[in-house]
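The numbers here are math on the coordinates, done by the rules we state, and not lab data. These numbers were taken from a predicted model, which means no experiment stands behind them. In this analysis, Cβ positions are derived from the backbone assuming ideal geometry, glycine residues included, and neighbour counts consider all displayed protein chains.
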Amino acid sequence: MDLGLNGRWALVCAASKGLGKGCAQALAREGVNLVVTARGEDALEATAAELRALHAGITVIAVVGDITTPEGRSAALAACPQVDILVTNAGGPPPGDFRQWGRDDWLRALDANMLTPIELIKACVDTMAARGFGRVVNITSAAVKAPLDILGLSNG
């Protein structure tokens, strides 16, 4: 299926494995140039090399960094010539018993899964609107719709 995305640019967060990697693979199949980011350099570089090998007609730029930090967001955004498609994603918070988590645990979960996507969207939305094209895909835990007892930080 041709989704009409050939030649567009996407920023895909947490793209070295899991859902982020799956999104990067699907976009690459559509001819989308990619900026992929993740914290783990080895896994990210392996994913970028795999995408380049399978999809010779696209550009794949790997940016190692923590997307939940201002520095990580700045580096990822600076590497992308334009963000036509933004895929927000971050590793989920750890499972456990909510009685064991402190304020800092809750704030880290909130920052990664809500505030980071908001900052990325704010950085991209005006240029998307000015060009008349833009897509935002927010990935978060399924636990926000169907709470799981050990995923309290995601449920919240």
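Give me the number: length gained by fully extending Ala129 to Leu3, i.e. 0.36 nm times residue separation minus the C-alpha to C-alpha distance, one decimal in nm.
43.4 nm
Net charge around Asp84, counting only other residues with Cβ within less than 11 Å of its Cβ (Lys, Arg = +1; Asp, Glu = -1)?
+3
Using only Cα atoms, tell me the angle between helix 70-79 and the longest principal axis of the chain; keep it within 0 to 90° and round to the nearest 10.
Rounded to the nearest ten degrees, it is 10.
Hand me the trypsin sites (Lys or Arg not before Pro) from segment 27-60 located in a DSSP loop with no more than 12 other Cβ atoms within 10 Å, in residue order please.
The qualifying sites: there are none.
Using only the alpha carbons of segment 19-137, determine the length spanned along each of the three principal axes and report them from longest to shortest in whole angstroms.
That works out to 50, 34, 22 Å along the principal axes.
On C-alpha positions alone, give me the angle between the axis of helix 41-54 and the longest principal axis of the chain, in degrees, nearest 10.
It is inclined by approximately 40 degrees.
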